[in-house]
Amino acid sequence: MDYLNLISEQKQNKTAIIADGQSYTYGDLVRKAADIRCRINKAEKYIFIHEEKIIDQLILFLAYSGTDCKPIIATAASKNQQFTVEEIPPSACMGVMTSGSTGKSKLFWRSYYSWADFFPLQNRVFGIDEQTVIFCQGSLAFTGNLNIYLGVFAAGGTVVATEKFRPKYWLDLMLKYNVNAIYLIPTKLLLLPKFSSMPNSSIKQIVSGSQNMDKSDALKLKRLFPDCIITLYYGASELNYITYIKDTEMTDDRTVVGKPFANVKITIRNEEIFIDTPYHVEGVTLPFSLKDRGYIDDEGSLHFLGRKDDICNINGLKISLNKVENALRKILDIDEAALLPFRQNDSDVLCAFIPGSEKQNKTALIRELRTYLTDFEIPKYFIYLKSLPKNESGKIDKFKLYNMIEQNEDSIKNIYFK
């Protein structure tokens with residue numbers, strides 16, 4: 001069994017995907033992928049798919065899925081990387097990549113069943129079925145996108161997709177194609193209320209993950225999509241979905257990421273999260289750690305406290321960057337912020353990167369931060385950028401922020417580091 005066979009089991013005359021206005025039925029996908037499959041070089045063991053268009057990525061992926069040549073939809077961050085592929089697990093049907101937020105992508109191998117066996121469960125939790133018409137944005141190199149596509153196809157639903165980063169255009173597509181579900185990460189989702197105040201009652205399901213949300217975020221979305229159910233998940237490329245939480249359960253605490261999916265077990269050791277799941281990539285030892293920090297509360301919900309490498313040492317004192325970022329988001333009512341430690345005059349300093357051109361009164365901001373943070377957790381510098389750089393998955397690219405400081409060290413330090 002492979003993903004092309006999965007597609008071929010659906011109603012062949014039904015629309016499977018509308019990619020930037022171009023419609024393709026399930027039958028179209030099968031025919032196009034099958035035509036490529038019969039011409040595959042059987043001597044090749046893997047292929048990196050670098051196509052920019054979503055539909056080209058999808059058709060090539062389906063063509064190679066289940067063959068001896070394993071498909072890998074490559075991230076932009078991976079194009080200049082050299083990968084040494086020594087041995088492909090016999091059970092692998094594809095390679096998947098991390099988004100490369102640290103500047104380097106990682107390559108993992110997945111069996112068909114590590115995703116396909118989970119589709120019925122995730123579709124039930126996410127409210128996806130044959131009637132679903134779901135909006136998605138961005139490359140299939142982001143494994144969250146690829147997984148949702150395939151999950152919707154397994155249910156016989158329809159995907160409305162675009163590569164374009166234009167929130168107003170997204171809203172137009174939703175109306176034009178009678179979209180009833182949305183899959184976007186929180187930072188993209190929270191752009192939508194800024195581009196429209198006209199309620200859309202057709203949206204019944206919103207699925208989101210990779211970043212935290214809280215009750216106030218959910219309320220902003222519910223004003224625009226009053227009849228929707230919001231499901232936030234916590235997961236990873238290496239493990240698939242781990243926990244989920246519905247909007248009715250969200251609180252002001254952004255760290256809550258919900259309870260485990262069925263068949264997923266979570267343990268905590270010295271604040272480090274370990275996961276035991278049958279839906280993992282090949283070659284990992286269980287229970288597996290993503291190097292994330294957290295704890296489980298009395299209600300059985302997991303709290304995500306950031307990555308272990310988000311703990312930085314500032315002059316001998318340990319600081320959680322995730323905690324400081326959450327405080328800034330709350331006080332400034334912004335969707336995102338980034339914290340990075342830098343070296344200045346043989347001392348470590350903490351710098352906050354804030355999106356937007358309107359600078360806040362620093363004294364007033366520090367006064368408010370003291371409500372949530374101790375003095376040594378408060379950033380020394382606040383750097384305002386028009387927007388924060390992102391990788392393909394939509395996460396803040398801290399590697400680019402480091403590079404920006406290094407490449408513009410003199411000018412930036414003259415402005416900010418006084």
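Read the figures in this text as sums done on the coordinates, not as results from a lab. Keep in mind the model is a prediction, meaning the values are calculated, not measured. Using ideal geometry, Cβ is built from the backbone for each residue, glycine included, and neighbour counts are taken over all protein chains shown.
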(request) Evaluate 2.2 N^0.38 Å with N set to the residue count of region 177-241, then give the Cα radius of gyration divided by it. (result) 1.11
(request) Can you bin region 13-67 into rounded, prolate or oblate? Criterion: square roots of the alpha carbon gyration tensor eigenvalues sorted a ≥ b ≥ c, rounded for a/c under 1.5, prolate for a/b above b/c, oblate for the rest. (result) oblate
(message) Residues of region 239-260 with backbone nitrogen within less than 19 Å of a virtual label 7 Å along the Cα-to-Cβ line of Thr267, please, listed as ranges.
(response) 239, 242-243, 260
(request) Report the full-extension gain for the segment Met404 to Asn361: residue separation times 0.36 nm, less the Cα-Cα distance, to one decimal in nm. (result) 13.1 nm
(request) Would you order Thr84, Thr371, Thr277, Thr255 from fewest to most other beta-carbon atoms within 10 Å of each residue's own beta-carbon? (result) Thr84, Thr371, Thr255, Thr277
(request) Note down the relative contact order for region 287-395 as a percent, whole number, built from C-alpha pairs under 8 angstrom at least six residues apart. (result) 19 percent
(message) Testing the spin-label approximation: label points 7 Å from Cα along Cα→Cβ at Lys11 and Ser202. State their distance in nm.
(response) 1.8 nm
(request) With everything on Cα atoms, drop me the angle between helix 398-407 and the longest principal axis of the chain, reported from 0 to 90° to the nearest 10. (result) 60 degrees
(message) Can you classify region 114-183 as rounded, prolate or oblate using the Cα gyration tensor, where a ≥ b ≥ c are the square roots of its eigenvalues, rounded means a/c under 1.5, and otherwise it's prolate if a/b beats b/c and oblate if not?
(response) oblate
(request) Among Asp298, Asp253, rank each residue by its count of other Cβ atoms within 10 Å, from fewest to most, as a rough exposure measure. (result) Asp298, Asp253
(request) Amide H neighbours of Val284 under 5 Å, at least 5 residues apart or on other chains, H built in the peptide plane: list them. (result) none
(message) Strictly over 28 Å apart at the Cα level, which of Lys32/Lys400; Lys53/Lys168; Lys53/Lys215; Lys265/Lys291; Lys291/Lys330 would you flag in this model?
(response) Lys32/Lys400; Lys53/Lys215
(request) Let me have the relative contact order for the chain, percent, based on Cα pairs under 8 Å that are six or more residues apart. (result) 11 percent
(message) Using the basic label-point model (7 angstrom from Cα toward the beta carbon), what is the Gln22 to Met1 distance in nanometres?
(response) 3.1 nm
(message) Using only the alpha-carbon atoms, how far is helix 54-64 inclined from the longest principal axis of the chain? Give it as 0 to 90 degrees, nearest 10.
(response) 50 degrees
(request) Of the options Phe274, Asn263, Leu328, report the single residue whose Cα projects farthest towards the positive end of the charge dipole of the chain (beta-carbon charges: Lys, Arg +1; Asp, Glu -1). (result) Leu328
(request) Can you pull the one-decimal nm distance between simple spin-label points at Phe165 and Phe288, each 7 Å off the Cα toward Cβ? (result) 2.8 nm
(request) Read phi for every residue in region 303-317 and hand back ³J(HN,Hα) as whole Hz from Karplus 6.51 cos²θ - 1.76 cosθ + 1.60, θ = phi - 60°, with x for Gly and Pro. (result) 10, 8, 9, x, 7, 4, 7, 7, 8, 10, 9, 10, 6, x, 10
(request) Any chance you could give the angle, 0 to 90 degrees and rounded to 10, that helix 167-176 forms with the longest Cα principal axis of the chain? (result) 30 degrees
(request) For the chain, just list the percent of Cα-Cα distances falling in each 20 Å bin from zero outward, please. (result) 25, 57, 17, 0
(request) Let me know the Kirkwood hydrodynamic radius for region 185-319, please, with Cα pairs as the basis and the value in Å to one decimal. (result) 16.1 Å
(message) Explain nothing, just compute: Karplus ³J(HN,Hα) = 6.51 cos²θ - 1.76 cosθ + 1.60, θ = phi - 60°, for every residue of region 37-42 in order, whole Hz, x for Gly and Pro.
(response) 4, 6, 10, 5, 6, 5
(request) Run through the DSSP bridge list for the chain and note the antiparallel percent, rounded to the nearest 5. (result) 60 percent
(request) Mind listing the long-range amide H neighbours of Leu385? Cut-off is under 5 Å, sequence gap 5 or more, other chains count too, H placed in the peptide plane at 1.01 Å from N. (result) Ile354, Gly356
